[in-house]
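The values are calculated or read from the model by the stated rules, or taken from the named source; none is laboratory data. Computed from a predicted structure; not experimentally measured. As a convention, Cβ positions derive from the backbone with ideal geometry for all residues, glycine included, and neighbour counts pool all protein chains shown.
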Amino acid sequence: MSAEATNPGAHSRRRGRPRIDLRRLGRAAALLGPTGRDRLPDAIGHVVEAHRAHHPDADLAPLHKAYLLAEASHRGQFRKSGEPYITHPLAVTLILAELGAETTTLTASLLHDTVEDTEVTLDQVKEEFGAEVGYLVDGVTKLEKVDYGAAAEPETFRKMLVATGNDVRVMSIKLADRLHNMRTLTVMRPEKQARIARVTRDVLIPLAERLGVQALKSELEDLVFAILHPEEYERTRALIAENATSCTALAAFADDFRAALREAGISAEVLIRPRHFVSVHRVCLKRSQLRSTDFGRLLILVSEDADCYAVLGELHTCFTPVISEFKDFIAAPKFNLYQSLHTAVAGPDGAVAEVLIRTHQMHKVAEAGVVALGNPYVPVDGAEPVDGERADPTRPGWLSRLLEWQQSTPDPDTFWTSLRADLAQDREITVFRADGRALGLPAGATCVDAAYAQYGEAAHACIGARVNGRLATLSTVLGDGDTVHVLLAQDSASGPSPQWLDHARTPAARIAITSWLDTHPEGAAAPSAAPRRPAPLPAGRPVSANAVVDLPEATVRLAGCCTPVPPDAVTGFPVRGGAVTVHRQECPAVARMTGVGREPVPVRWGDAAECRVTLVAESFGRPRLLADLTEAIAGQGAAVVSATVEPPAQQRVRHTYTLQLPDAAGLPALMRAMRDVPGVYDVSRTQHPAATA
């Protein structure tokens, strides 16, 4: 039952209700004979009429059967408004029917509160209506506060999102459910109205936007606007009322458009679409003074994609186009399936009208999003899915990313905060991996986000990136269409620095980085308030810092912050799990850790072995300098793991290389060879790999 608008006594009453006999209901339905339009109960007549407008050949038997069960199981339950509870599932189902949802979705919608608030069980629903309906009903069923306490709401949304990952129709039902509850929310206490409106604003409206269900999104926005910003809502309402005749200007444009298109031989439908309240409010914020044509837009519907461009050409020929307003979402659809041409044209008197041009099918999808796509799981040409798995063609990239990172956030509060932050991203970009595959990321994402989106926790070993073929820092903000080649270290000792959190925009990246830093405290940028005391190491000889370890109980790794190599003076610090991390003695991390009471352990170098080091070459700029430095490095048998070249400043250039040496003893000779390159005046070790800056 929807807690937003229900009789608080209904839940306790239903626990004592007798079990619904589904077989008896089935026999009653059979006695009514074939399920024709005229034989359905009057209460569901509007649903049937709306459904048949989109699906004239639909089998109505499941709807009839579902209605009988819903009505019988909810009988005696009332909403806070005093209406019989059955009015709620009927209203939710009507919303979906008007959007064009198919029969399975409508059947589940009628039953969506039965398992939650009546004696009907999920097994009964599956037995009578099939596994598909059962899955949808289960997906929108809330978790009990008795069992989950304060975590019930975030965990319910987590459950719904996971279910949506397998079947987007789960979220379609939830959005319609929330819309009807928002329409009737005035019966609730003001503080509860505000709480529900905030969740709707932060979670449900962004989900409606991402699923392309514009019709639901627009109405939800207006309802939230009225509750959370009543004064601004009233001002906007009064403004719209004062300009009720503003459609006259748009009507004149519409007549001119029809005449121009008719003369050009283009068959098109020209409609006026008034803006909803929030849309008008946004225009008010954008412009200091509203034009008479700002209260609506013109919508032109045609049959074929090519006709859209024909209409565009005709309008730009006959009227003065406002070029800055042109957008082509047909050639490049939005991430939520939306397709349309946007433009604006000025008339002879200087009035400007915004215009949307799309096909009838595009318009259906623009309004209803995934709901308009029907059942995405119908096998193609009768072929069954491989291994019974569903392959959802409507599953967008943002949903896949969300489902991945939520698995790493068992804490409900962290999940709830991360979900809201993820959904707050209002635009998505597409970048391309080195292998040519597309990667969807929110606008403002950086190379750090791309690394974790592509490699998951393996991105801890990221040491740099190439963007469009050029070396780039991990903080580089990516643009739509960029090609990103993430560079990973070949050993497992590398890890993220705390500074990566400053560059991470996606929850997946932030959660993974934070988790790694929590389990590797020596990598923290600042000392903790209280020293962390790891488990003591067994007594014995000093630990060796080369793949030669004197203590079998301890594993050893070299710190990525200072990349020590023989014969550097080094010291070690025990970390969780009995491991030891080795730092150069002059590394700032050593001073920080000893300053907060961390006890060092003695370490020494074992036999010489290959190592990784970061060197900085300072030089005067000249042609072929990079090639000569690379040749000198290769001549010493070292491999370039990553390299960055800073922009020249006063004819001076700074090159930073992370290098893999086959033998640490060769480091002095390598540095000498680099200094011998003409134009290079200094080569030094760096404390921090530049690629992680």
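If you go through segment 326-343 and keep only what is buried (at least 20 other Cβ atoms within 10 Å of the Cβ) and touching a Cys at 6+ places or on another chain (Cβ under 7 Å), you end up with just Leu341. Taking residues in segment 190-215 that are within 16 Å of Ser172 (Cα to Cα) and touching a residue at least 60 places away in the same chain (Cβ under 8 Å), and partners anywhere that are hydroxyl-bearing (Ser, Thr, Tyr) and surrounded by fewer than 20 Cβ atoms within 10 Å (Cβ to Cβ), the pairs with Cβ atoms closer than 7 Å and at least 6 places apart or on different chains are Gly212/Tyr338. Just to be sure before I move on: is Ile272 in a helix (DSSP H, G or I) and either hydrophobic (A, V, I, L, M, F, W, C) or in contact (Cβ under 8 Å) with a residue 12 or more places away in the chain (or both) in the structure I sent? Against the criterion (in a helix (DSSP H, G or I) and either hydrophobic (A, V, I, L, M, F, W, C) or in contact (Cβ under 8 Å) with a residue 12 or more places away in the chain (or both)), Ile272 does not qualify.
When you check Thr317 against the structure, is it assigned to a helix (DSSP H, G or I), touching a Leu at 6+ places or on another chain (Cβ under 6 Å) and hydroxyl-bearing (Ser, Thr, Tyr), yes or no?
On the way: assigned to a helix (DSSP H, G or I): yes; touching a Leu at 6+ places or on another chain (Cβ under 6 Å): no; hydroxyl-bearing (Ser, Thr, Tyr): yes.
Taking the combined requirement at face value, the residue does not satisfy it.
Is there a residue being of a type in the set (Ser, Thr, Tyr) and either outside any helix (DSSP H, G or I) or touching an Asp or Glu at 6+ places or on another chain (Cβ under 6 Å) (or both) anywhere in segment 185-194? Checking segment 185-194: not a single residue is of a type in the set (Ser, Thr, Tyr) and either outside any helix (DSSP H, G or I) or touching an Asp or Glu at 6+ places or on another chain (Cβ under 6 Å) (or both).
Just to be sure before I move on: is Gly495 of a type outside the set (S, T, N, Q), touching a residue at least 24 places away in the same chain (Cβ under 8 Å), part of a loop (DSSP other than H, G, I, E, B) and within 23 Å of His655 (Cα to Cα) in the structure I sent?
Working: of a type outside the set (S, T, N, Q): yes; touching a residue at least 24 places away in the same chain (Cβ under 8 Å): yes; part of a loop (DSSP other than H, G, I, E, B): yes; within 23 Å of His655 (Cα to Cα): yes.
The answer is yes for Gly495.
Name every residue in segment 590-600 that is over 10 Å from Thr571 (Cβ atoms) and not in a loop (DSSP other than H, G, I, E, B), in order of residue number. Write out each step before concluding.
First pass over segment 590-600, keeping only residues over 10 Å from Thr571 (Cβ atoms): 591-592, 595-599.
Within segment 590-600, Ala591, Arg592, Gly595 qualify.
Among the residues of segment 410-448, those identified as charged (D, E, K, R), closer than 20 Å to Leu487 by Cβ and not in a strand (DSSP E or B) are Asp435, Arg437. The listed residues are Val133, Val125, and the only one of them that is closer than 25 Å to Ala97 by Cβ and under 27 Å from the mean Cα position of the chain (by Cα) turns out to be Val133. Residue-level check: of (1) in contact (Cβ under 8 Å) with a residue 24 or more places away in the chain; (2) over 26 Å from the mean Cα position of the chain (by Cα); (3) over 25 Å from Ile330 (Cα atoms), Leu223 misses just (2). Of all residues in segment 93-106, those satisfying the criterion of being within 26 Å of the chain's Cα centre (by Cα) and either of a type in the set (Phe, Trp, Tyr) or buried (at least 21 other Cβ atoms within 10 Å of the Cβ) (or both) are Ile95, Leu96, Leu99, Ala101, Thr105.
Quick one: which residue in Tyr657, Tyr681 is in contact (Cβ under 8 Å) with a residue 40 or more places away in the chain, in contact with a strand residue (DSSP E or B) (Cβ under 7 Å, 6 or more places away or on another chain), surrounded by fewer than 15 Cβ atoms within 10 Å (Cβ to Cβ) and in a strand (DSSP E or B)? Give the steps one after another, and end with the answer.
Numbers: Tyr657 fails: surrounded by fewer than 15 Cβ atoms within 10 Å (Cβ to Cβ).
So the residue among Tyr657, Tyr681 that is in contact (Cβ under 8 Å) with a residue 40 or more places away in the chain, in contact with a strand residue (DSSP E or B) (Cβ under 7 Å, 6 or more places away or on another chain), surrounded by fewer than 15 Cβ atoms within 10 Å (Cβ to Cβ) and in a strand (DSSP E or B) is Tyr681.
For segment 450-469, what are the residues that are more than 25 Å from Arg612 (Cα to Cα) and either in contact with a helix residue (DSSP H, G or I) (Cβ under 9 Å, 6 or more places away or on another chain) or crowded, with 22+ Cβ neighbours inside 10 Å (or both)? The answer is Ala453, and nothing else.
Quick one: in segment 564-603, of everything that is charged (D, E, K, R) and crowded, with 16+ Cβ neighbours inside 10 Å, which residue is modelled with the lowest pLDDT? The selected residue is Asp568.
Given the options Glu221, Glu191, Glu155, Glu209, name the one that is farther than 28 Å from Leu136 by Cβ and either touching a helix residue (DSSP H, G or I) at 6+ places or on another chain (Cβ under 9 Å) or of a type outside the set (A, V, I, L, M, F, W, C) (or both). Before the answer, list the steps.
Details: Glu221 fails: farther than 28 Å from Leu136 by Cβ; Glu155 fails: farther than 28 Å from Leu136 by Cβ; Glu209 fails: farther than 28 Å from Leu136 by Cβ.
The match here is Glu191.
For Leu478, indicate whether it is in contact with a Ser or Thr (Cβ under 7 Å, 6 or more places away or on another chain), in contact (Cβ under 8 Å) with a residue 24 or more places away in the chain and crowded, with 20+ Cβ neighbours inside 10 Å. Break it down into steps so the answer makes sense when it comes.
Numbers: in contact with a Ser or Thr (Cβ under 7 Å, 6 or more places away or on another chain): yes; in contact (Cβ under 8 Å) with a residue 24 or more places away in the chain: yes; crowded, with 20+ Cβ neighbours inside 10 Å: yes.
So Leu478 passes the test.
Considering Arg198, Arg158, the condition of being of a type outside the set (A, V, I, L, M), more than 30 Å from Ala61 (Cα to Cα) and surrounded by fewer than 19 Cβ atoms within 10 Å (Cβ to Cβ) is satisfied by Arg198 alone. Among the residues making up segment 57-92, those that are part of a loop (DSSP other than H, G, I, E, B), of a type outside the set (Lys, Arg) and surrounded by fewer than 24 Cβ atoms within 10 Å (Cβ to Cβ) are Asp57, Ala58, Asp59, Leu60, Gly76, Gln77, Ser81, Gly82, Glu83, Ile86.
Scanning segment 239-269 for residues that are in a helix (DSSP H, G or I) and charged (D, E, K, R) turns up Glu242, Asp255, Asp256, Arg258, Arg262, Glu263.
Mind checking which residues of segment 21-69 are touching a Phe, Trp or Tyr at 6+ places or on another chain (Cβ under 9 Å) and at pLDDT 55 or above? Break it down stepwise before answering.
In the first step, residues of segment 21-69 are kept if they are touching a Phe, Trp or Tyr at 6+ places or on another chain (Cβ under 9 Å); the result is 40-41, 43-44, 47, 62, 65-66, 69.
Within segment 21-69, Pro41, Ala43, Ile44, Val47, Pro62, Lys65, Ala66, Leu69 qualify.
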